[in-house]
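Working notes, structure below.
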């Protein structure tokens, strides 16, 4: 069972990296957004990702894993999509920022889907992941509508 627990911890740590990446990406986007609407939205999503990260840290501790990851993914496999936000912000292009957010959120949903395939996690952990995935998907849909609005 220890091997199954370490596998779950690894999945949760990947999700923690994604949440930390999203938190920083949205914070950066909020700091540089042109409109009050986008500043508020990005700030809300940044706070939400920080809350997700806190819950994931608790889950990681429960598996015996180390939740100390404040900076995001080590290789930036997926997080680097958030770097696109910085590039888009240089030109203050709301549509480009929204597109970068969409890319990041799609990757996050995929990562949650992969993690949820692990049959060894507890019901409580699965419920947390399903709730977070649902909220990320809601954010994705909202941002997609805004992208259409800004195009």
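Quick check, is residue 76 under 18 Å from residue 20 (Cα atoms), at pLDDT below 95 and part of a loop (DSSP other than H, G, I, E, B)?
Details: under 18 Å from residue 20 (Cα atoms): yes; at pLDDT below 95: yes; part of a loop (DSSP other than H, G, I, E, B): yes.
So residue 76 fits the description; yes.
Considering each of 89, 98, 129 in turn, give the residue that is modelled with pLDDT of 95 or more and outside any loop (DSSP other than H, G, I, E, B).
On the way: 89 fails: modelled with pLDDT of 95 or more; 98 fails: modelled with pLDDT of 95 or more.
Going through 89, 98, 129 in turn, the sole match is 129.
Within region 9-57, restricting attention to residues that are out of contact with any helix residue (DSSP H, G or I) (no Cβ under 7 Å at 6 or more places or on another chain), modelled with pLDDT of 95 or more and surrounded by fewer than 18 Cβ atoms within 10 Å (Cβ to Cβ), which residue is farthest from residue 122 (Cα to Cα)?
40
Would you say residue 141 is in contact (Cβ under 8 Å) with a residue 12 or more places away in the chain and under 16 Å from the mean Cα position of the chain (by Cα)? Quick ask: steps written out before the conclusion?
Numbers: in contact (Cβ under 8 Å) with a residue 12 or more places away in the chain: no; under 16 Å from the mean Cα position of the chain (by Cα): yes.
Considered against the rule, which asks whether it is in contact (Cβ under 8 Å) with a residue 12 or more places away in the chain and under 16 Å from the mean Cα position of the chain (by Cα), residue 141 comes out as no.
The values are calculated or read from the model by the stated rules, or taken from the named source; none is laboratory data. As the structure is a prediction and not an experimental result, all values here were calculated from the model. Because the Cβ atoms are built from the backbone with ideal geometry, glycine has one as well, and the counts that use them run over all protein chains shown.
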